[in-house]
Amino acid sequence: MNEYTLEPLLEDYSDSPDILRQILGIFLEETPQRLDALRSALQSGDRETIAKTAHSLANTTGTVRGENALSIARNAEYAARHESEEEMRDAVHVLLEEVEHMLSVMRDYLNAA
């Protein structure tokens with residue numbers, strides 16, 4: 001867990017670092033709102049919102065090459081739709097932790113740039 005690195009993106013955007021900074025900026029701007037929605041839905045037991053938000057996070061984390069987070073988000077979406085309350089909560093907590101780690105890596109990169 002917490003294996004996220006920007007290396008694949010840095011390679012993909014080696015000729016366009018400004019575009020990479022824009023992509024990361026958008027992710028950093030939008031993702032905390034999704035995490036807040038996920039936390040709120042978890043607190044209220046709103047499985048549908050958890051599933052939808054996890055699905056959204058799967059899409060966005062995949063865009064920034066967060067393969068581990070994408071897999072975890074898919075697992076959380078599945079858990080919200082098909083598994084016990086405890087399994088769903090565990091899956092969501094793992095997702096929150098992984099995405100927070102991604103945000104930290106991105107912030108560190110942008111602050112150093």
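Read the figures in this text as sums done on the coordinates, not as results from a lab. If you're wondering where the values come from, they're calculated on a predicted model, not measured in any experiment. Positions of Cβ are generated from backbone atoms using ideal geometry, with glycine treated the same way; all protein chains shown enter the neighbour counts.
General remarks:
- Positive end of the dipole of the chain (Cβ unit charges, origin at the Cα centre): among PRO32, THR5, ASN75, the Cα lying farthest that way belongs to PRO32.
- Taking the Kirkwood radius as Rh and the Cα radius of gyration as Rg, the stretch 13-65 has a ratio of Rg/Rh equal to 1.12.
- Dipole of the stretch 18-112, positive direction: furthest Cα of ASN111, HIS55, ILE19, with charges on the beta-carbon: ILE19
- Sites SER71 and ALA113, calculated FRET efficiency, Cβ-Cβ separation with R0 25 Å, nearest 0.05: 0.35
- The label-point distance for SER84 and GLN22, in a model that sets each label 7 Å from Cα toward Cβ, rounds to 4.8 nm.
- FRET E, pair SER14, GLU100, Förster distance 35 Å, beta-carbon r, rounded to 0.05: 0.85
- Debye, to nearest 20: dipole size of the stretch 6-50, +1 on Lys, Arg Cβ, -1 on Asp, Glu Cβ: 320 debye
- For the stretch 18-112, taking Cα atoms only, Rg and Dmax work out to 13.2, 44 Å respectively.
- For the chain, the membrane-span-like helix rule (DSSP H, alpha carbon extent of at least 15 Å along the helix axis, mean Kyte-Doolittle at least -0.5) picks out 17-44, 85-112; this says nothing about an actual membrane.
- Cβ-Cβ FRET estimate between THR5 and GLU29, R0 fixed at 22 Å, reported to 0.05: 0.55
- Charge dipole magnitude, Cβ of K and R +1, D and E -1 - the chain, Cα centre, debye nearest 20: 280 debye
- Local net charge near LYS52, Cβ-Cβ under 11 Å (Lys/Arg +1, Asp/Glu -1): 0
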